[in-house]
Amino acid sequence: MSASNPANLGASTLDTDLADRKAAYLPPSELAVKYAKGLQAHTPPTPHTSATYAAGAANPHLIKKIESFYVRPRWLFVRIETEGGVVGWGEGTLEGHTEAVEGSLKDISRRLIGWDAMNIEDIYSYLHRHRFYRAGEVLMSAMSGIDIALWDIKGKVFGVPVWQLLGGKVRESAPVYGWIGGDRPSDVLEQAKARKAQGFTRVKMNGTESLGWLDSPHALDETVKRLAEVKSVGLDAGLDFHGRVHKPMAKQLAKLLEPHRPLFIEEPLLPGYVKEMKDLYNQTSIPIALGERLFTREQFKPYFELGCIDIAQPDIAHSGGISETKKIATMAEAYDIAIAPHCPLGPLAFAASLQIGFCTPNFVVCEMSWKMHYNTGGFDLFTYMSNPEVFTVREGSISLLTGPGLGVELNEELIRSEAALVIKEGIEPWQNPLFRGPDGSVREW
C-alpha cells in the first residue's frame, strides 16, 4: 500500500485484522475452565438398603401394596412396596381436597396390585388414558403420588438418583426461593432479612390481599411499597397475584410494579384466560409465570403456542408427577419458556421437583416450603425426614441430591403414628381460607 494508492475507508491491514480478532476473544472464565470437560463429579451407584430383595419373589418388582398417609400440616404421602421389599415414597398433596385424592388413590391402588413397578410409562399411560376421564386436579394429584413413588423405587433398585435416570445432570445445584408475608402479606421487611440470613437470595410473597373485580387503585399502593422494602434488603422477589387480581386491576398493578423490577409476577390472571393473558403480556416487561393449576401438556399448550408466559410452573404433586412434569419442561424448552416448579408442599414433592431441576436445561428456580406460613403446629419441611441436611440452603441453592431414588429418607414410624393420630382424634384436613368482600361476596383466595 502506497501514499498514491491509499486504502479504502474502513479497510484494514492484516496486522490490524489480527489485533482486532485477538481483542474480540477474551480469556475463558473460571467456570469455563472448571467445566471444560463437562460436569464430572462422579456419583457411583449405591443400591438402597431396601433393594435387598426378599427371597422367593418370582418378580421382585411387582407392586405388592399401596398406602396413603395424611399428615400435618397438610400433606398426603403415598407409599408403594414391591414383592421384593423395595419401598418408594411419593406425594399427592392437593391443598384443601385431601379426601378426594384419598378416594382416587384407593381406586388406583386396587387396580395396580401385581403390576411391574419398573414399567412407569406403561402405568402412567394406563392411569391417564385407559379410564376415559382424564386430567383434572384430583385424578392427576393421585397419579402424581403414584408416579413419584415409582421413580423413587426405580432409582433405589438401580442405586442412582432419579436425575440420572432422566438423562443425567446439567447443573450441580438448584436455585430455590422461600416465602415471606403470608396469605395477607405483612411484616415483609423483617421476614426478608430473616430469609437472607437463612441463605436465600430470592423470595416470593403474595402480591395483594383479597381484591374486588374493580377495586380502589389505592388498594395497590401497599403492594408496591412491600416490593420496594424487600428489594432494599438485596433480595430478588417474585409476586404471586394468586388469581386474586382480575383484569381491570392486574394491568394497573403490573404497570406500577415495573419500575421495581420483580423477579416475576405469578398467576396475574386466573387460568383459562389465555387471550387475556396475552394482552397483559404485551403491556408489561415483567416476566409472567403461571401453571400451578394446569395439569398436563395439553393444558399448557395454548399458553406456549400463544406466547403469553415466560415461566411455566407445573406443580409436581398435581401435574402427573415426575413423568408428566419432565415432558412439560421439555415442551416448554421448545418455546424458550423456563421451568420453575411450584412447590409449597412437603419434602417428597420438593425432592421430586429438584430431581427435575438437576436434569432440565430450562429450569430456573424451585419453590421451597421451609418455614412457610402454612407449616403450623410444629410441623415443617424437615419434620418427617431422617436426612434434612440434603436440603441445606447455600447461596440461594440446594446442592445436587446424590442418594438413590428421590434422595430423601423418611421416618416411617413417625409418619404412621401421625396419620393414625389424625384419624383417631378426627383432625380434619387443611382447608384454604375464605375471602369475602365488604358486601359479603366471595372473592378469589
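Only the coordinates and a few stated rules stand behind these numbers; no lab work does. Just so we're clear, the structure is a prediction, and the values are computed from it rather than from any experiment. All Cβ positions, even for glycine, are placed from backbone atoms using ideal geometry, and neighbour counts span all protein chains on display.
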Just how large is the dipole of region 163-406 about the Cα centre, in debye to the nearest 20, putting +1 at every Lys and Arg Cβ and -1 at every Asp and Glu Cβ? 240 debye
What order do you get for Val33, Val245 when you list them from fewest to most C-beta neighbours inside 10 Å? Val33, Val245
Run the dipole for the chain about the Cα centre, Lys and Arg Cβ at +1, Asp and Glu Cβ at -1, nothing else charged, and hand back the magnitude in debye, nearest 20. 340 debye
Restricting to Cα pairs below 8 Å that are 6+ residues apart, what does the relative contact order work out to for the chain? Please round to a whole percent. 19 percent
For region 147-299, just the Cα set please: Rg and Dmax, both in angstrom. 18.4, 58
If I stretch the segment between Glu99 and Phe435 completely, what's the gain in nm (0.36 nm per residue apart, minus their alpha carbon distance), one decimal? 118.7 nm
Please work out the Kirkwood hydrodynamic radius for the chain, using every pair of different C-alpha atoms, and report it in angstroms with one decimal place. 23.6 Å
For Glu444 and Ile113, calculate 0.36 nm times their separation in residues minus their Cα-Cα distance, and state this gained length in nm to one decimal. 115.1 nm
Using Cα positions and a limit of under 19 Å, work out the lysines in reach of Lys278, with same-chain residues fewer than 8 apart set aside. Lys247, Lys251, Lys255, Lys301
Net +/- balance of residues flanking Tyr384 in space, Cβ distance below 14 Å, scoring K and R +1, D and E -1: -2
Computed curve, region 163-406, Cα-only Debye sum without solvent term, log₁₀ I(q)/I(0) at 0.11, 0.18 Å⁻¹, is -0.55, -1.45
Which lysines have a Cα lying under 16 Å from the Cα of Lys106, excluding residues fewer than 8 positions away in the same chain? Lys64, Lys65
Figure the gain on full extension for Gln283 and Leu214 (residue separation times 0.36 nm, minus the Cα-Cα span) and round it to one decimal in nm. 23.0 nm
Listed with the fewest Cβ neighbours within 10 Å leading, Ile113, Ile153 appear as Ile113, Ile153
What is the distance, in nm, between label points placed 7 Å from the Cα along the Cα-to-Cβ direction at Glu389 and at Lys231? 4.0 nm
Cα-based Debye curve of region 365-445 sampled at q = 0.25 Å⁻¹ gives log₁₀ I(q)/I(0) of -1.28
Here region 130-235 gives, from Cα atoms, an Rg and Dmax in Å of 20.6, 58
Got a sec? How would Thr98, Thr325, Thr402, Thr223 order by Cβ neighbour count within 10 Å, fewest to most? Thr402, Thr98, Thr223, Thr325
